[in-house]
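Colleague: I have a structure I would like to understand better, so I am pasting it below and will then ask my questions one at a time.
The values are calculated or read from the model by the stated rules, or taken from the named source; none is laboratory data. Being a predicted model, the structure only gives us computed values, none of them experimental. Here Cβ is always computed from backbone atoms with ideal geometry, including for glycine, and neighbour counts include all displayed protein chains. Please note that ligands, DNA and RNA were not included when accessible areas were found on the heavy atoms of the full protein model with its side chains. Shrake-Rupley method; radii C 1.70, N 1.55, O 1.52, S 1.80 Å.
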Amino acid sequence: MIVGTKIPRKEGLQKVTGAARYVDDIVFPDMLHGVTVRSTAPRGKIKAIHFAPSIRWNEFTVITAKDIPGKNYVALITYDQPFLADTVINHPEEPVVLLAHHDKHVLEEARRAVTIEVEALPPVLTIEESLAKTQIVWGQDNSPHENIFKEYTVVKGDVAAAFARQDVSLFEAEYATGAQEQLYIENNGMIATYSAQDGVTVWGSMQCPYYVHKGLLPLFALGDDKVRVIQTETGGGFGGKEEYPTLLAGHAALLAMKAGKPVKMIYDRQEDMAATTKRHPSKTRVKSAVTKDGDLVGLDIDFVIDGGAYNTLSPVVLSRGTIHSAGPYHTPNVRVHSRAVATNSPPHGAFRGFGAPQSIFALERHLDEVARKMALDPVALRKRNFIRQGETTATSQTIREPVDLAAVLDKALAAADYDAKKKRFLAMNPSSVVKRGIGFATFMHGAGFTGSGEKTLASVVGVEALANGHVRVLAASTEIGQGTNTVFAQIVSDTLALPYDMIDVAQPDTRDVPNSGPTVASRTCMVVGKLVQSAAIGLEQTLVNAGDYKHGAGADAFAAACAKYIAKHGSLKCYSQYQQPANVEWDDKKYQGDAYATYAWAAYVAEVSVDMATYEIRCDDFVAAQEIGRVVHPVLAEGQIEGGVAQGIGYAIYEKVVWKEGRMANGQMTNYIMPTSADAPPIRVLFDEQPSPHGPFGAKGIGELPMDGPAPAILNAIAMALDVSPRAIPFLPEDLMALVKK
Amino acid sequence: MRANVSKYELVTPASLADALKLCAGGHKPFAGGTDLMVLFESGKLPPGRYVSLWGLSELRGITADDAHITLGALTTYSDVRVNAVIAKEHPNLCAAAKETGALAIQNRGTLGGNIANASPAADSPPALLVAGAEIELRSLAGTRWVAYDGFHTGYKQTLMQAGELITRVRIPRASDRVSYYRKVGTRKAQAISKVCVAASAKVKAGVLSDLRIALGSVGPVPLRCKHTEAVLVTRVIDAQAIKEARDAVQKDIAPIDDIRSTREYRLTVAQNLVAELALRFVAS
Ligand SMILES: Cc1cc2nc3c(=O)[nH]c(=O)nc-3n(C[C@H](O)[C@H](O)[C@H](O)COP(=O)(O)OP(=O)(O)OC[C@H]3O[C@@H](n4cnc5c(N)ncnc54)[C@H](O)[C@@H]3O)c2cc1C
């Protein structure tokens, strides 16, 4: 078996030797460079665009909305975001003019020489202002839905009755989370070419080639075969290259079409941080009803996220956040009301966890506060309410697979030495300037698209055998550092009983690979990997049916059979399309049913110290235990968890987007504080395996999971250390000072 | 990169004398470039002519005589970190070097650049103020030594005149002193200070004398806290003394709200750290 072993990653050698080519490494003859001129006001009307005479504009290719050959919208869920603002400005980084020139060094001066005259309108900058409708900035129609991109209500049982019971205590508090920047190593970048014969071709850093493809078709009013999208080696995504690359690809292609030359657009860090998507800020009000023994009998949750200026993916982010907001508990009565609202900041978008880290933060902090107020053990409180096999989630989904979250929690607590440490810290803290705390969070994360999402996507994967017996996986799922190439090759290798070295993964190119869906939602290994497996089985079956091969006959026999088949038929390919399993059902109207085919389950424990002289908070130790079905590649899986935990630590106590008039004011790594290795604690990763029928060899999704737990675990540890109730992240030393000085 | 490279000239002179000539003609000094390249990358470095100091051996080296330890302006943080004399007599300066950026910056960033760059948030200045440093300034017109205390005359302003280079820094030899250095940055490394404190004193029977406290990031320039020092010397450090010192800190510093922190945080932490250092000193 290759699955379960730490075989070297497929493209690892190229990456460590520097041979891997990222988009900025690619140069075409006679290529131009492009830049974007953006609005500076958060909201208003464009009155005029001035081009200063100091620049020889005839040397430049200049594009405004007027030059767009097709439709001026980014085709996603709705068609509200323009590629270039024409008359209306809805956020301060709105692209208005594009410039290209062969010498990239003169572009910056030219960019500064363009002035966009805007008649400013009062902006809406916070969730509160948007809900209060101080200005209507989206969906003006005199309906209650003004400023609201999407609204969901989930109801299970009878919440009002639960809250009216005589034997329960009621709790209520509001929690908030901030924006977060993905900070992939490689900034967004694209190269585009255009010719009348071939249409538009783009190369670039992206997660979802077919999203880009879909977005460019209406922009250029071209047919499917006249837009080609190729993913180049990609230096991280974390959701930040899910929807945004479509916009950048469109810009590069518009310039390329007008210039008649290839155009490269690479954002620098400043522009990437300021203009591209970030995690949605959120507010969550949690009300709970708890019996004196700790039975969680009612949860009433109001969850709001800030979508920024355009709808983009906010409805889907909201959906995941909504479904995860009631946590891994079998609460019989639940109501969740959720809204995504419009503001005049750049659109917030996909980011690892996709709404779940926000609402899970609120609930896991809340339950700790409940335990403290009721003098209950927070461990016992969680265990009492964990969902067990056969019980239901907030959407009334029955958990059919075996689950033992209490065992996962016990494992994490034991590894963290939780009981002893808690006792020791409580004894030592009163006499110490440095206070220590230990806290935890328990949670689940659904793998794959939400609800009917996978059914709608109907992803397709292919495998192709070559005459030398090598097998190529054909999928649009991208390698973005997380290990797609490696796990696909492992899956095929074990499925066909062929050596790992005989399996290749094709570069995602919409001309050559089918649409296996976006590389998001912890779906690649589990959902797409399962399709890879069934396509591989189909391919083998073709050879078996031809009478030339039998499973396990070895590489030589396989190669001989392939050569014979290809000589006769020209090629050997097999495709597999997603079919919703018969017992997975989802009702989109009521928001009830099987929200996800399966879940990963986790318990994370954080240890912190707080220096009361400086209010500096450090995360000193971390244990991440999770049940993930099957560990396909131990090093990659641990890497996913460690990276997610580090990102979660940043989310909790370091990374703060400072907003000024809707803009990120600290868009440099000097002032947007991502933790470094010096700030990261030892992270111990523990896996339980409970194979799921939904993934290849039992695997479930894990990519997003580790983002959910760190923030509540760390804040719970701070709460324990100082006997305070911090309710908002990022929680910085300044916030801690304000809390303890009160 | 937001700068137009073709609008910059960087000249490498053969000697200090040549460098001074170039400076007299308006070339601006470029040492390790760790401050300048950040400006260059973001398009904020004024286009023009620069002179690279990096190859000038006259500006390197750390020497000690009976009265002083003298450091060339090009002394890097890595040079400071491993210098045994400085480590023994002015450990604050080593601590500052160790807390600056991370290794790459420590190999390339210079003491002269840190001083000339005149950021109120720089990490060496508090240590230099406490050490009683003097700065050698040289131009075609001549050479002069100025006290470092008073060198920074306002936000990003110094006594340095057009055509002048910082050539050396010297600090008096010291013995029998206790030291305290603490940088409160936004993270463990690669961080800009929110508050930075250096102090040293003589201690006898629980009483402090010749106490020097300097703070960074709490005003337009790195500054000595003379009111606070006066409150804490030649007396018993009790609760009353600490309270008075906290009040005095408020008189000595002028912190502001900015993108990294708040006025209130900086003031409170400065007060807390002054209390911490006073108690540590008398306990030593
Ligand atoms: C990632 C990073 C982290 C950093 N971390 C810190 C930190 O933790 N603490 C800190 O204090 N600083 C930090 N810095 C800032 C910088 O590294 C220091 O200020 C450094 O000492 C500057 O020295 P340099 O030789 O590189 O200066 P340069 O960039 O070459 O020059 C800086 C300024 O000084 C002038 N100058 C240089 N040498 C002379 C001279 N001999 N005479 C006259 N003028 C001169 C230049 O004209 C310029 O105006 C950091 C910088 C970076 C990029």
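Colleague: Suppose all protein chains stay in the model; what accessible area per residue would a 1.4 Å probe give for the protein assembly as shown, in Å²?
Modeller: 37
Colleague: For the range B:150-276: lysine pairs with Cα atoms under 17 Å, gap of 8 or more or different chains, count?
Modeller: Taking the Cα cut-off of 17 Å, the pair count is 5.
Colleague: Turning to a different aspect of this structure: Placing one identical point scatterer on every Cα of the range B:180-283 and ignoring solvent, what is log10 I(q)/I(0) from the Debye formula at q = 0.09, 0.19, 0.25 Å⁻¹?
Modeller: Cα-only, vacuum Debye calculation for the range B:180-283: -0.21, -0.86, -1.35.
Colleague: Okay, moving on. Which trypsin sites (Lys or Arg not before Pro) from the range A:24-66 combine a DSSP loop assignment with at most 12 other Cβ atoms within 10 Å?
Modeller: Hits after loop and neighbour filter: A:56.
Colleague: Give the lysines whose C-alpha is closer than 21 Å to that of residue A:283, dropping any in the same chain fewer than 8 places away, or say none.
Modeller: Filter leaves A:133, A:150, A:656, A:660.
Colleague: Over chain B, what lengths in whole Å, largest first, do the semi-axes of the equivalent ellipsoid take, defined as the square roots of 5 times the eigenvalues of the alpha-carbon gyration tensor?
Modeller: Result for chain B: semi-axes of 34, 21, 16 Å.
Colleague: Let me ask another. Would you report the distance distribution of C-alpha pairs in the range B:57-172 as whole percents per 5 angstrom bin, up to the bin with the largest distance?
Modeller: In whole percents, the pair-distance histogram is 2, 12, 24, 28, 20, 11, 4, 0.
Colleague: Report, largest value first, the span of the C-alpha coordinates of the range B:5-52 along each principal axis, in whole Å.
Modeller: Its Cα atoms span 32, 19, 14 Å along the three principal axes.
Colleague: Short version: what are the Cα gyration tensor semi-axes of the range A:453-577, square root of 5 times each eigenvalue, largest first, in whole Å?
Modeller: 25, 14, 12
Colleague: Residue A:589 versus residue A:689, label points 7 Å from Cα toward the beta carbon: distance in nm?
Modeller: Computed distance between label sites residue A:589 and residue A:689 equals 4.4 nm.
Colleague: Measuring from centroid to centroid over Cα atoms, what is the spacing of the range A:199-219 and the range A:382-445 in Å?
Modeller: Centre-to-centre distance over Cα atoms comes out at 44 Å.
Colleague: What number comes out for the charge environment of residue A:400, summing +1 per Lys or Arg and -1 per Asp or Glu over other residues with Cβ under 13 Å away?
Modeller: Here the count lands on -3.
Colleague: Let me ask something else about it. I want to verify the translational diffusion coefficient of the range A:599-742 in µm²/s; compute it with Stokes-Einstein, Rh as the Kirkwood radius over Cα pairs, at 25 °C and 0.890 mPa s.
Modeller: Estimated diffusion coefficient is 150 µm²/s.
Colleague: Given points 7 Å out from each Cα along the Cα-Cβ axis, report the residue B:63 to residue B:254 separation in nanometres with one decimal.
Modeller: The two pseudo-label positions are separated by 4.0 nm.
Colleague: Which net charge results when you count Lys and Arg as +1 and Asp and Glu as -1 among the other residues whose beta-carbon is under 11 Å from that of residue A:36?
Modeller: -1
Colleague: Sticking with this one: Find the all-direction average of the projected area of the Cα convex hull for the range A:660-705, expressing the result in square nanometres with one decimal place.
Modeller: The directionally averaged projection comes out at 6.4 nm².
Colleague: For the range B:106-190, what are Rg and Dmax over the alpha carbons, in angstrom?
Modeller: 14.0, 44
Colleague: At 222 nm, what helix-only mean residue ellipticity would the protein assembly as shown give, in deg cm²/dmol to the nearest 500, using -39500 (n - 2.57) for each DSSP H run of four or more?
Modeller: After summing the helix terms and dividing by residue count, I get -9000 deg cm²/dmol.
Colleague: Further question on the same structure: Give me the base-10 log of I(q)/I(0) for the range A:107-180 at each q in 0.17, 0.18, 0.24 Å⁻¹, Debye formula, one uniform scatterer per Cα, rounded to two decimals.
Modeller: -0.99, -1.01, -1.11
Colleague: A further question follows. Using only the Cα atoms of the range A:178-323, what semi-axes does the equivalent ellipsoid have when each is the square root of 5 times a gyration tensor eigenvalue? Give whole Å, largest first.
Modeller: That gives 40, 16, 12 Å for the three semi-axes.
Colleague: Label points 7 Å out from Cα along the Cβ direction at residue B:15 and residue B:174: separation in nm?
Modeller: It works out to 3.7 nm between the two label points.
Colleague: Given 20 Å bins starting at zero, what is the percent of C-alpha pairs of the protein assembly as shown in each, up to the one with the largest pair distance?
Modeller: 12, 38, 36, 13, 1, 0
Colleague: Averaging the inverse of every distinct alpha carbon separation and then flipping it gives the Kirkwood radius. What is it for the range A:1-156, in angstrom units?
Modeller: One decimal place: 19.8 Å for the Kirkwood radius.
Colleague: In addition: Is there a pair in A:214/A:455; A:66/B:44; A:292/A:373; A:71/A:104 whose C-alpha atoms are over 21 Å apart, and which pairs would that be?
Modeller: A:66/B:44; A:71/A:104
Colleague: Here's a follow-up. Rank these by accessible area, largest first, 1.4 Å probe: A:611, A:504, A:417.
Modeller: A:417, A:504, A:611
Colleague: Could you rank A:55, B:213 by how accessible they are, 1.4 Å probe, largest area first?
Modeller: Result, largest first: A:55, B:213.
Colleague: Using only the heavy atoms of the protein chains and a 1.4 Å probe, how would A:78, A:246 rank by accessible area, largest first?
Modeller: The ordering from most to least exposed comes out as A:78, A:246.
Colleague: Something else: Cross-link partners among lysines for residue A:550, C-alpha distance below 30 Å, same-chain residues fewer than 8 apart left out?
Modeller: The qualifying lysines are A:6, A:10, A:530, A:564, A:568, A:573, A:700.
Colleague: Then there is this: Could you work out how far the C-alpha centroid of the range B:158-227 sits from that of the range A:517-544, in angstrom?
Modeller: The two parts, judged by their Cα centres, are 63 Å apart.
Colleague: So what's Rg/Rh here for the range A:252-318, counting alpha carbon atoms and using the Kirkwood radius for Rh?
Modeller: Using only Cα positions, Rg/Rh for the range A:252-318 is 1.34.
Colleague: Could you give me the radius of gyration and the Dmax of the range A:672-742, taking only the C-alpha atoms into account and expressing both in angstrom?
Modeller: 17.2, 54
Colleague: Check which residues have an amide H placed less than 5 Å from residue A:592's amide H, if you skip close sequence neighbours.
Modeller: Sorted by chain and number, the residues that satisfy this are A:587.
Colleague: In whole Å, how far is the Cα centre of the range A:13-92 from that of the range A:342-377?
Modeller: If you average the Cα positions of each part, the centres end up 35 Å apart.
Colleague: Nearest 100 Å² is fine: what is the total accessible surface buried where chains B and A meet, probe 1.4 Å?
Modeller: That pair of chains buries around 2500 Å² in total.
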